[in-house]
Structure formats: C-alpha cells, structure tokens
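Shown next, in structure tokens, is the structure this report addresses.
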Amino acid sequence: MNLVALDNLVRIGQLKAEPRNVLEVNRLLAMAKTRLADAHLSHLSRDGRFISAYSAAHAAALSALRWHGYRSENRFTVFQCLAHTVGWAPAQWRVLDGAHQKRNLAEYEGYLEVEESTIQELSNLVTGLITDVQALIQGET
C-alpha cells in the first residue's frame, strides 16, 4: 500500500490522520454488508437498492481508510483512496465515483434514473470491495 500518498493528502487537507479504531472499522464493514444485503431485496425500489449499494460501497471504502489510520469528510476522496488502501485500479474505484455522482444528483437535485444493470454492477463491485477489506483486516491483525 502507498501510505506516502495518503500522508500527502493529509498535508494538503484532504485527509485527517487519526488512530485506527478497530471497533469502528468492524462496525463500518458490518454496515457495508447490511447495506449490500438491502441492495439485493427485490421488494425495494430500484432507487432504494441503488442507494443501498452505494452506501455499502462508501462504508466499506471508509472502513479500509480507517484501518490505515485516516479519515475523510469527502466521499469522492474515500473512493479515490482505494488505490492506496486496498490496491484498487482506477477502473474499479471510478465506477464508485460514477455512483457517487448519481447519488449526488438524487440527494441535491431530486433526480435519480438508474438501470437494473447499474445496480448489479455496483453490487458486484461492492462484494469484491468487502472481500478486499476483509483480507486487509485479517492480514494485519
């Protein structure tokens, strides 16, 4: 992992260094799993399932960031840091950035149009992210 890059983000105010809190990390990861399960509930609306999958992605990504001893108030930064926290390629975390943009349209402009395939792609990616974060935690405990 490239923690130097994360330290550089602290220097420019994009991240805050904060001691690891294992209970918080585990709570965030548990939340990610719950939200991902919600995203698979067929009786929920597509919008609700998308927001659940997005929330799962954010919780898992934040869990990885917190594991390394950092915090960010900016959701985009949390996703971008996946390159350094779990070694994700830009093509992977950029899908989450696209979901972030859709979520912002819904939250701030009341517009969300999402296809079933988008929810499935996001859910599959989040499943992989949760697996990668679990491996990170298990490998360093």
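The values are calculated or read from the model by the stated rules, or taken from the named source; none is laboratory data. A quick note: this is a predicted structure, and the numbers were derived from the prediction, not measured. Cβ coordinates were reconstructed from backbone atoms using ideal geometry, including for glycine residues, and neighbour counts include every protein chain displayed.
When only residues in segment 1-43 that are in contact with a His (Cβ under 9 Å, 6 or more places away or on another chain) and small (Gly, Ala, Ser) count, which is modelled with the highest pLDDT?
32
Grab the helices (runs of 4 or more DSSP H) fully contained in segment 24-131, keeping just those with 1 or more residues being over 26 Å from residue 13 (Cβ atoms).
The qualifying helices (runs of 4 or more DSSP H) are 46-67, 90-109.
Return yes or no: is residue 73 acidic (Asp, Glu), surrounded by fewer than 16 Cβ atoms within 10 Å (Cβ to Cβ) and modelled with pLDDT of 95 or more?
Values: acidic (Asp, Glu): yes; surrounded by fewer than 16 Cβ atoms within 10 Å (Cβ to Cβ): yes; modelled with pLDDT of 95 or more: no.
No, not satisfied.
Output the qualifying pairs, or none if there are none: Cβ atoms under 8 angstrom, residues six or more apart or on different chains, first residue in segment 4-17 and more than 13 Å from residue 81 (Cα to Cα), second residue part of a helix (DSSP H, G or I) and among the aliphatic types (A, V, I, L, M).
17/10
Out of all the residues in segment 1-19, which are under 18 Å from residue 77 (Cβ atoms) and not in a helix (DSSP H, G or I)?
Correct list: 1, 2, 12, 13, 14, 15, 16, 17, 18.
For residue 66, only one of the following conditions fails: (1) in contact (Cβ under 8 Å) with a residue 24 or more places away in the chain; (2) closer than 15 Å to residue 103 by Cβ; (3) surrounded by 19 or more Cβ atoms within 10 Å (Cβ to Cβ). What is its number?
(2)
Being of a type in the set (A, V, I, L, M, F, W, C) and either on the phi > 0 side of the Ramachandran plot or over 12 Å from the mean Cα position of the chain (by Cα) (or both) is the filter here; which residues of segment 84-113 pass it? Can you show your working first?
If we filter segment 84-113 for residues that are of a type in the set (A, V, I, L, M, F, W, C), which is where we start, we get 86, 88-89, 91, 93, 95-96, 99, 105-106, 112.
Correct list: 89, 91, 105, 106, 112.
In segment 35-47, what residues are in contact with a helix residue (DSSP H, G or I) (Cβ under 8 Å, 6 or more places away or on another chain) and under 15 Å from residue 126 (Cβ atoms)?
Looking only at segment 35-47, we keep the residues that are in contact with a helix residue (DSSP H, G or I) (Cβ under 8 Å, 6 or more places away or on another chain), and these are 35-36, 38-41, 44, 46-47.
Of everything in segment 35-47, those that are in contact with a helix residue (DSSP H, G or I) (Cβ under 8 Å, 6 or more places away or on another chain) and under 15 Å from residue 126 (Cβ atoms) turn out to be 35, 36, 38, 39, 40, 41.
For segment 84-106, which positions are of a type in the set (A, V, I, L, M) and at pLDDT below 95? Steps first, answer last, please.
The initial filter retains those residues of segment 84-106 that are of a type in the set (A, V, I, L, M), namely 86, 89, 91, 95-96, 99, 105-106.
Scanning segment 84-106 gives 89, 91, 95, 96, 99, 105, 106.
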